[in-house]
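Notes follow the structure.
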Amino acid sequence: MSLKIRPNKSAIAAILLILSLGVWAAFHLKIGTISQQSAPVPENGAAGAAKVPKGLDELPKEADFQTVAQNDMVELKLDAKTGHFLVYDKRNGNIWRSYPDPSQWPDENQDGVWRTHLRSPIMFQYIDLSNNKSQPKESNFLEENGSIKDVQMIPDGFRLTFDMPSRQIAVPIEVKIDKDSVVTRIIDSGVKEGRMSLVWMRLYPFFGAEHSAGQDGYMLIPDGSGALIRYGSNDRNGKSIYSEPIYGQDLSFKVNNLDGSSSRKQVVMPIFGAKSGNRAYLSVVEDGAEFAEIVASPAGVFSGFNWITSQQDYRSSYKQVTNQQTNRSFIAYNKDNRFGSDRVVRYLLLDTNKADYAGMAERYRQYLIDNYGLKKIRPKSGDVPMTVNLVGGELEKGLFTDKYLKATTTDDAMHIVQSLRGLGIGNMVVNYLGWQGDGYSSYGGLFPVDRRIGGNDGMNRFISFAHSLNVLVYLQADYTLNTTGADGFLSLFHGLRDAGGTVLKPYVSLNWLMGHVLDRDIRSYKGLGADGVTMAGIGAYVNSDYNSKYGASRDESRKLHQEILKKFQAAGLEVRGLSSNFFALPFVSTIDHLADDYSYDVFSGEGIPFAQMALHGLISYTSEDGNNRQQYQNGFLHDLEYGSEPSFVFAYRNTAELKYANELHIFNPDYAEWEKPAVEEYKKYNDALGDVQSEFIVNHRSLAPQVKETTFENGKRIIVNYGPKPYTDGKRTVDPEDYLVIEGGAKQ
């Protein structure tokens, strides 16, 4: 017999009411908890996740900030509950926050994970390396429901730890003030990892972040010589952001394109900055710059904010080769190899009258003077120096054997120098390249000078002759490569190795180089009477080295580059850099081919001479050789705008054949053809730049589309017009594709 249970409608209604009240209470309790504690949004930011209100209660309350340090210029305040800080600039009343501007927050429409990113004091990427199928994931302090621990007041600032037990990651940091700066530090010795391994961190990534609406502003990126990302609506930029490693790609972690080629210009300066109205700052990445990238995101990509920061890398993927013959490999990370060193970023806060990129460049120049001991140039004469690059020889690939192309013998070099002097070049410097055995693309075993261009005796005679005319002579060399096996070099034992252990031919382990080659070569340079060395490679890029005997981390490699430059300098040989990074500045007198352009990304619509504005008057520099320009007149105007000294590259013979050379690709180096045009152009350089060699560039601006003005310390101005039409300001006219020099003291 079946038993039928009749439902009690009253009881069911009561139960449903109780359940509804429980769900309602639980839901509202959860919402209240999120509002107060900033609980995390799920990793994927999926729809249906609990959302916090979009009001100001998501951001730190400024009443909760307490003063922890101050000086005559700035005051530092901390909110110990959130780990955020703000800095009050006493000079002008500006407030700088480590989080987005609260006045713009109600207009921020981003939801999901990026909303918590914006509010978080730290972002990071991690990976579970115990699982070979794991992929890197992004997170942040709020998302992980992290806690602030070990808050301490220290001289000039505070110290605390961001603890994220959900990922077994803890990050101790310090924030201090120093005159007009606020300085952040990640304390490497205290960084803790568990099962999860850090890939990168961004500390206070939204410092000074701004919406575009109503803002006259831009971000400064160190793209080549410098570029601006102006604040705007980002209609065309899509998801494009700027992200580039300081000092270029590390070949030991390059999974493609061994030569390190990139579509973007290399970052040679460890800086970035931002301006909004009468507020601006410049950041210098100090300790750990070798392991950092500059990341800049225009509004409309990840949020409504324009933001720029330094990303601190702790691991990079690399190619692990399993079979070289079949070219089999896989991409991996190393759990035990976390990049070391503290990570220090200095934010230099500018006063309101310096709130633009000229003010940033001025402050960076002073930073270089204070920290590198740079001093004003003492010009050799009132004439600007002309760099004369002479090609000795080079190889041309043959079917069975390579052919040697003799380009400029030491006797030819004497003729060129004497002829240029007779035509009125009173101040010149000679840089001899391709002088070593087998010419330009033969590296290793540089000495003796190739006998086919005159040998050691011929070079010694040429240098003595040049000195009789008061002309300095430098020999160009690249010690980072060895293609000949000379000097006892065996790539299997002495070569640079990548993170997977593969030898990267033809790169040399710098620790081996220091102990086996340099002292002997320095004696040889001095024996020839050379004034110095133009360093290619050294100072121009930095690679980690996993050679088991001679290896070096990337920061150790940077120090080795500096030690090599210092070693030549200490021996009485002057050093010229070639496309150098700024860490070479204390050791070089000149930088040839200094970065002078930008990458033309869609989001960076304007290149600026930021590097030149920081260096002019302190370090001499050249750009592309005049007879190797793709656009001849445009390049000449560019040099005047950027304050670059003139340089030309010449060969005396076999010039037509040089276009087939292994590595030396020169458009037209024929001295006979270029002698008179080079002299004529030099005179224009000299008239424009001869009397400002030691003068700082104090301003640079756009007067109109395709019209630029550069102002020097003595008041001299150079206006260049790249456009197809005349430019006039009502008083003066600059013809199309021409320039105008306005001497100092002339009315504005």
_Flag for G382 being surrounded by fewer than 19 Cβ atoms within 10 Å (Cβ to Cβ) and either at pLDDT 95 or above or not aromatic (F, W, Y) (or both)_ = yes
_Scan the stretch 723-731 and tell me whether some residue there is in contact with an Asp or Glu (Cβ under 6 Å, 6 or more places away or on another chain) and among the basic types (K, R)._
no
_Against the condition β-branched (V, I, T), in contact (Cβ under 8 Å) with a residue 12 or more places away in the chain and outside the structural domain of E286 (by TED's automatic domain parsing), how does T387 come out, does it pass?_
yes
*Find the residue count for the stretch 103-155, including only residues that are under 23 Å from S317 (Cβ atoms), surrounded by fewer than 19 Cβ atoms within 10 Å (Cβ to Cβ), of a type in the set (G, A, S) and in contact (Cβ under 8 Å) with a residue 12 or more places away in the chain.*
1
*Return a yes/no flag: does the stretch 121-129 have any residue that is under 30 Å from I331 (Cα atoms), under 27 Å from the mean Cα position of the chain (by Cα), acidic (D, E) and in a strand (DSSP E or B).*
no
*Verdict on I522 being within 24 Å of A407 (Cα to Cα), touching a residue at least 40 places away in the same chain (Cβ under 8 Å) and assigned to a helix (DSSP H, G or I)*: no
_Matching residues in the stretch 428-441 - criterion: being touching a helix residue (DSSP H, G or I) at 6+ places or on another chain (Cβ under 9 Å) and surrounded by 21 or more Cβ atoms within 10 Å (Cβ to Cβ)_ = M428, V430, Y432, G434, W435, G439
*Of the numbered conditions (1) charged (D, E, K, R); (2) farther than 28 Å from D128 by Cα; (3) at pLDDT 95 or above, E293 fails exactly one; give the number of that condition.*
(2)
*What about S329, is it of a type in the set (G, A, S), part of a strand (DSSP E or B) and touching a residue at least 40 places away in the same chain (Cβ under 8 Å)?*
yes
_Verdict on A358 being modelled with pLDDT of 95 or more and in contact with a helix residue (DSSP H, G or I) (Cβ under 9 Å, 6 or more places away or on another chain)_ = yes
*Output yes when any residue across the stretch 666-685 is hydroxyl-bearing (S, T, Y) and in a loop (DSSP other than H, G, I, E, B), and no when none is.*
no
_Given (1) surrounded by fewer than 19 Cβ atoms within 10 Å (Cβ to Cβ); (2) in a helix (DSSP H, G or I); (3) modelled with pLDDT of 95 or more, identify the lone condition not met by T483._
(2)
*Name the single residue, out of those in the stretch 156-196 being of a type in the set (G, A, S) and farther than 18 Å from Y126 by Cα, that is surrounded by the fewest Cβ atoms within 10 Å (Cβ to Cβ).*
S189
*Would you point out which residue out of G539, G488 is surrounded by fewer than 20 Cβ atoms within 10 Å (Cβ to Cβ) and at positive phi?*
G488
*Hey, among the residues in the stretch 456-479 that are closer than 18 Å to V517 by Cβ and in contact (Cβ under 8 Å) with a residue 60 or more places away in the chain, which one's surrounded by the most Cβ atoms within 10 Å (Cβ to Cβ)?*
Y479
*Hey, N145 on the phi > 0 side of the Ramachandran plot and either within 26 Å of the chain's Cα centre (by Cα) or in a loop (DSSP other than H, G, I, E, B) (or both) or not*: yes
*Out of all the residues in the stretch 635-647, is one or more more than 26 Å from the chain's Cα centre (by Cα) and either hydrophobic (A, V, I, L, M, F, W, C) or surrounded by fewer than 17 Cβ atoms within 10 Å (Cβ to Cβ) (or both)?*
no
*asked:* Testing Y525 on (1) crowded, with 20+ Cβ neighbours inside 10 Å; (2) closer than 22 Å to Q249 by Cα, one condition comes back false. Which one is that?
replied: (2)
*Could you please let me know if S316 is of a type outside the set (A, V, I, L, M, F, W, C), touching a Leu at 6+ places or on another chain (Cβ under 9 Å) and crowded, with 20+ Cβ neighbours inside 10 Å?*
no
_The listed residue being within 24 Å of L472 (Cα to Cα) and among the hydroxyl-bearing types (S, T, Y), out of S524, S548_ = S524
*Filter the stretch 442-455 for residues that are of a type in the set (G, A, S) and either buried (at least 19 other Cβ atoms within 10 Å of the Cβ) or modelled with pLDDT under 95 (or both) and give the result.*
S442, G444, G445, G454
*asked:* Going through Y364, Y333 one at a time, which residue ends up being under 25 Å from the mean Cα position of the chain (by Cα), more than 30 Å from P609 (Cβ to Cβ) and either surrounded by fewer than 19 Cβ atoms within 10 Å (Cβ to Cβ) or not charged (D, E, K, R) (or both)?
replied: Y333
*Hey, among Y404, Y432, which residue is part of a strand (DSSP E or B) and over 35 Å from the mean Cα position of the chain (by Cα)?*
Y404
*Look at V151 and say whether it is of a type outside the set (S, T, Y), more than 17 Å from S120 (Cα to Cα) and in a strand (DSSP E or B).*
yes
_Looking at A530 and the list (1) touching a residue at least 24 places away in the same chain (Cβ under 8 Å); (2) not in a loop (DSSP other than H, G, I, E, B), which single condition is not satisfied?_
(2)
_Considering only the stretch 346-359, I want to know if a residue exists there that is aromatic (F, W, Y), in contact with a strand residue (DSSP E or B) (Cβ under 9 Å, 6 or more places away or on another chain) and surrounded by 19 or more Cβ atoms within 10 Å (Cβ to Cβ)._
yes
*Which listed residue is at pLDDT 95 or above and of a type in the set (G, A, S), from S620, S604, S599*: S620
*Among strands (runs of 3 or more DSSP E) lying entirely in the stretch 703-748, which contain 1 or more residues that are under 29 Å from the mean Cα position of the chain (by Cα) and surrounded by 13 or more Cβ atoms within 10 Å (Cβ to Cβ)?*
707-712, 717-721
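The values are calculated or read from the model by the stated rules, or taken from the named source; none is laboratory data. Computed from a predicted structure; not experimentally measured. Using ideal geometry, Cβ is built from the backbone for each residue, glycine included, and neighbour counts are taken over all protein chains shown.
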